[in-house]
Amino acid sequence: MAELLKLGVLISGNGSNLQSIIDNIEKGSIKALIKIVVSNNPDAYGLTRAKNHGIPFAIIKNGDYKSKEDFDTQLVNILKDNGVELVALAGFMRIISPILLKAFPGRILNIHPALLPSFPGLHGQKQAVDYGVKYSGCTVHFVDEGVDTGPIIIQSAVPVLDDDTEETLAARILKEEHKIYPQAINLFAEGRLEIKGRKVFIKS
């Protein structure tokens, strides 16, 4: 049996994507093991999700560090100490510094609630509703130095309805997030992702 990919998941809030990853691991559709969940918010409900499944977790508060670099150095230490091979951002509300990128080159994934490159940054769902697009969705991508600019792995589209609000669209997109993020993680675990320039190729 192939060795399981060692995963670190970074959260700041509810952790519904974390739950989706956990559920898919438990049913065998992701060949990975979550070694550590890290939150910068001690009150994140995602920590309760980790506890409920017996997954180790760590809390590192933003205010305890003088700089983003100091914070990320500690974050890297925690991930490395737990043998993490792939880092999955799951609602982690911080901009990543080069320290984390250099520690895990090509090994950090993020899920974004919009069809990138449209509507990067915060409130992608509100941006989509306000702009009047007919379709939005979500994107799993590799993380690079920019904000939501890394090479795209998988996208899923949903229609934007005439009466949609930020909340109703977000709920519809979230269902798709829970489908494609586990898929992307498993593709990585199976060694099927190859980055060439800006493009990600999925090997059969």
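The values are calculated or read from the model by the stated rules, or taken from the named source; none is laboratory data. Everything numeric here is computed off the predicted structure, so don't read it as measured data. Ideal geometry is used to build each Cβ from the backbone, glycine not excepted, and the neighbour counts take in all protein chains shown. When the accessible area is computed, the model is the full protein with side chains, heavy atoms only, and any ligands, DNA or RNA have been set aside. Shrake-Rupley method; radii C 1.70, N 1.55, O 1.52, S 1.80 Å.
Scan (1) modelled with pLDDT of 95 or more; (2) over 23 Å from His178 (Cα atoms) for the single condition Leu4 breaks and write down its number.
Only one criterion in (1) modelled with pLDDT of 95 or more; (2) over 23 Å from His178 (Cα atoms) is unmet by Leu4, namely (2).
What strands (runs of 3 or more DSSP E) completely inside region 51-116 contain at least 3 residues that are touching a Phe, Trp or Tyr at 6+ places or on another chain (Cβ under 8 Å) and within 30 Å of Tyr131 (Cβ to Cβ)?
In region 51-116, 108-112 are the strands (runs of 3 or more DSSP E) which contain 3 or more residues that are touching a Phe, Trp or Tyr at 6+ places or on another chain (Cβ under 8 Å) and within 30 Å of Tyr131 (Cβ to Cβ).
Could you list, ordered by first residue, the pairs with Cβ atoms under 9 Å in which the first is in region 87-115 and under 15 Å from Glu177 (Cα atoms) and the second is open to solvent by 50 Å² or more (accessible area, probe 1.4 Å) and small (Gly, Ala, Ser), at least 6 apart or interchain?
Filtered contacts from region 87-115: Leu115/Ala157.
In region 23-36, what residues are of a type outside the set (Gly, Ala, Ser) and either outside any strand (DSSP E or B) or under 15 Å from the mean Cα position of the chain (by Cα) (or both)?
Hits for region 23-36 are Asp23, Asn24, Ile25, Glu26, Lys27, Ile30, Lys31, Ile34, Ile36.
Is it true that Val76 is without any contact (Cβ under 8 Å) to a residue 60 or more places away in the chain, crowded, with 18+ Cβ neighbours inside 10 Å and within 20 Å of Leu101 (Cβ to Cβ)?
Considered against the rule, which asks whether it is without any contact (Cβ under 8 Å) to a residue 60 or more places away in the chain, crowded, with 18+ Cβ neighbours inside 10 Å and within 20 Å of Leu101 (Cβ to Cβ), Val76 comes out as yes.
Using beta carbons and a limit of 6 Å, which pairs, at least six apart or on different chains, have the first residue in region 4-22 and assigned to a helix (DSSP H, G or I) and the second one of a type in the set (Lys, Arg)?
Pairs found: Leu18/Arg49; Gln19/Arg49.
With respect to Ala189, is the statement that it is aliphatic (A, V, I, L, M), in contact with a Lys or Arg (Cβ under 6 Å, 6 or more places away or on another chain) and under 24 Å from Val38 (Cα atoms) true?
Working: aliphatic (A, V, I, L, M): yes; in contact with a Lys or Arg (Cβ under 6 Å, 6 or more places away or on another chain): yes; under 24 Å from Val38 (Cα atoms): yes.
Here the answer is yes, as Ala189 does meet what is asked.
List the number of the failed condition for Ile173; all other conditions in (1) of a type outside the set (Lys, Arg); (2) closer than 16 Å to Gly121 by Cβ; (3) open to solvent by 20 Å² or more (accessible area, probe 1.4 Å); (4) in a helix (DSSP H, G or I) hold.
The number of the failed condition is (3).
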